[in-house]
Amino acid sequence: MRIGEKQRLRVVRKTDFGIYLAAREGDRDMVLLPAKEVPQGTSPGDEMEVFVYRDSKDRPIATTRTPRILLGQAGVLTVKEVGRIGAFLDWGLEKDLFLPYKEMTKKVKAGDEILVRVYLDKSGRLCASMKGLYDLLSTASPYRVGDEVTGRVYEFGHDFGTFVAVDDKYSAMIPRHEDVSGLTIGQRISARVTNVKEDGKLDITIRQKAYLQMDEDAKALLELLDSYAGVFPFTEKASPEVILRETGLSKNAFKRAIGRLYRERLVEINDGKIRKRG
């Protein structure tokens, strides 16, 4: 029998405290299904589908319940409590799922909803992890370029971008040139699909469409200019890295916003600097 999976097993022995199940008659590798979960009228020789996990004493045990996520799957679970060695998550079974501190990517508290996967630790116990989610997310999303989506931030991959689970199950990424300084692990966001890759993964943006975002960016730059005493010591000709570091905008977004301010005669550009007018 397989820990962490749904499987069909045969009833091989009946007792006052439950029934023992095995893959086949005569198999010595048996697991108990407690009496409170045994369907009425069950007899030796019957087959039934159960989920096998370990109880609080680390003994294999069967249940007719189906947990919210199985071994090797990812999904959102609620934190029930946080203890000395980790957190315990509600996954729909009598025994909560353990999330060790070393498998957390952020501190969690009771009531938090977090995206996790289920794995077997070295001792064969089912545990949760907030890491290693990328390969478990689906690439078969129904979304197209321009669609508005919601998702959950699950990892900051600084060399690539920010990884997001759209609808908590589809693989997506915010490109690294976007300002994500205001985002945190586990945060729910609204975004727009900008590209669907050949492998089905989504590129998304948290920025508005250019003509809407330009107003927001221009307003933000005016406020930022005040913190620079009214003068940026660089122009739109600066490197993309400098512009992103100083303003949080991509070079193209910066050029659009500064162009808007210049046309409205709110700034002037000369001597390699941008100055706020009057």
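The values are calculated or read from the model by the stated rules, or taken from the named source; none is laboratory data. Remember, it's a predicted structure, so these values are computed and weren't measured experimentally. Virtual Cβ from ideal backbone geometry, glycine too; neighbours counted across all protein chains shown.
Observations on the model:
- Index of the failed condition, Val79 passing every other in (1) under 25 Å from the mean Cα position of the chain (by Cα); (2) crowded, with 17+ Cβ neighbours inside 10 Å; (3) in contact (Cβ under 8 Å) with a residue 40 or more places away in the chain: (3)
- In the range 82-107, the residues that are outside the structural domain of Val153 (by TED's automatic domain parsing) and at positive phi reach residues that are of a type in the set (Ser, Thr, Tyr) and modelled with pLDDT of 95 or more with C-beta atoms within less than 9 angstrom, at least six apart or across chains, in these pairs: Gly86/Tyr101.
- The residues on offer are Thr63, Thr105, and the sole one that is more than 26 Å from Pro34 (Cα to Cα), crowded, with 16+ Cβ neighbours inside 10 Å and of a type in the set (S, T, N, Q) is Thr105.
- Arg144 vs. criteria more than 19 Å from Lys6 (Cβ to Cβ) and touching a residue at least 40 places away in the same chain (Cβ under 8 Å): yes
- Whichever residue in the range 138-156 is touching a Lys or Arg at 6+ places or on another chain (Cβ under 8 Å), surrounded by fewer than 18 Cβ atoms within 10 Å (Cβ to Cβ) and of a type outside the set (S, T, N, Q) and, among such residues, is farthest from Asn195 (Cα to Cα): Glu148
- Selection status of Lys36, within 30 Å of Val153 (Cβ to Cβ) and exposed (fewer than 13 other Cβ atoms within 10 Å of the Cβ): no
- Among strands (runs of 3 or more DSSP E) entirely within the range 176-278, having at least 3 residues that are under 30 Å from Ala140 (Cα atoms) and in contact with a strand residue (DSSP E or B) (Cβ under 6 Å, 6 or more places away or on another chain) singles out 188-196, 202-205.
- Among (1) crowded, with 18+ Cβ neighbours inside 10 Å; (2) not in a loop (DSSP other than H, G, I, E, B), the one test that Asp135 misses: (1)
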